[in-house]
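Just below is one structure, and these are the notes that go with it.
No lab work stands behind these numbers, since they all come straight from the coordinates. Owing to the predicted nature of the structure, the values given are computational and were not obtained by experimental measurement. Cβ coordinates were reconstructed from backbone atoms using ideal geometry, including for glycine residues, and neighbour counts include every protein chain displayed.
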Amino acid sequence: MISTPLDIEDVLILQPQIFEDDRGFFFESYNQRKFQETTGLDLSFVQDNHSKSSKGVLRGLHFQREPMGQGKLVRVLLGEIFDVAVDIRPGSKSFGKWVSAVLSADNKKQLWIPNGFAHGFLTLSETAELSYKTTQFYSAESEGCLQWNDPDVNIKWPLAAQPLLSNKDRDGVSLNQLLN
């Protein structure tokens with residue numbers, strides 16, 4: 001496994017070792033020991049989630065407040081997404097900044113998003129299925145949503161048209177509202 005920090009160094013792209021031949025491929029999608037050795041992080045994942053979205057669906061930017069904050073390890077099983085993490089840690093030198101990666105079933109890359117980040121993605125392919133591990137259980141009471149199009153964050157989404165949003169995602173709060 002290769003770990004590469006993005007512009008916000010706490011967010012990592014993980015590339016597993018892939019064994020391919022004329023029959024197909026094999027790789028370890030998760031190995032606790034290799035994850036720890038590669039990232040230096042000693043974490044426990046407590047929940048696996050699976051989602052399916054159609055082209056143009058934008059989900060996020062989701063997070064959970066403390067004490068239920070979640071780290072996420074995201075990978076794509078089918079299709080392709082534009083995945084985004086926004087630093088919402090008060091006092092962080094990168095507060096309000098974002099990083100992105102294209103994750104796909106073909107490139108098999110994974111994105112590590114630490115606790116203290118809002119997470120969202122845009123489906124680029126006709127359909128995309130994601131699987132992601134979390135370091136904390138889901139808590140509706142702790143759930144929050146940052147505006148996907150907050151001008152203070154200014155994410156450069158690769159949009160061809162207006163995205164398809166849930167009501168929750170449409171009603172996200174601004175970065176400034178998070179501070180109050």
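Side notes on the structure shown:
- Chain lengthening between TYR30 and ASN49 when straightened (0.36 nm per residue, less Cα-Cα): 5.4 nm
- Among HIS62, HIS119, HIS50, the ranking by other beta carbons within 10 Å of each residue's beta carbon, starting with the fewest, stands as HIS50, HIS62, HIS119.
- Percent breakdown of C-alpha pair distances by 10 Å bin, ordered from the shortest bin, for the range 1-115: 11, 42, 37, 8, 1, 0
- Total formal charge among the other residues, if their Cβ is under 14 angstrom from that of HIS50, Lys/Arg +1 and Asp/Glu -1: +3
- Within the range 93-130: backbone nitrogen closer than 18 Å to the ALA161 label point (7 Å, Cα to C-beta): 122-128
- Ranked by the mean number of other Cβ atoms within 10 Å per residue, highest first, peptides 133-143, 159-169 order as 133-143, 159-169.
- Surrounding net charge for ILE18, when Lys and Arg each add one and Asp and Glu each subtract one, Cβ distance under 10 Å: -1
- Surrounding net charge for CYS145, when Lys and Arg each add one and Asp and Glu each subtract one, Cβ distance under 12 Å: 0
- Annotation: extensible slack from SER94 through GLU37 equals 18.0 nm (criterion: 0.36 nm per residue apart, minus Cα-Cα distance).
- Distances between placed amide hydrogens fall under 5 Å for ARG89 paired with GLY96, all partners being 5 or more residues away or on another chain.
- Put in line by how crowded their Cβ is, counting other Cβ atoms within 10 Å and starting with the fewest, VAL102, VAL153 read VAL102, VAL153.
- Applying a DSSP loop filter and a limit of 12 other Cβ atoms within 10 Å to the trypsin sites (Lys or Arg not before Pro) in the range 10-52 leaves ARG23.
- Reported to the nearest whole Å, the Cα centre-to-centre distance from the range 153-180 to the range 73-147 is 14.
- Eigen-decomposition of the gyration tensor built on the alpha-carbon atoms of the range 43-179 gives equivalent ellipsoid semi-axes of 21, 18, 14 angstrom, largest listed first.
- Cα-centre dipole for the range 43-179 with unit charges at Cβ (Lys and Arg positive, Asp and Glu negative), debye to 20: 260 debye
- Estimated from the Cβ-Cβ distance and a Förster radius of 30 angstrom, the FRET efficiency linking ASN176 and THR127 is about 0.25.
- Mean-square fluctuations from a GNM of the chain, with a 10 angstrom spring cutoff on Cα atoms, peak among ASN107, ASN31, ASN49 at ASN31.
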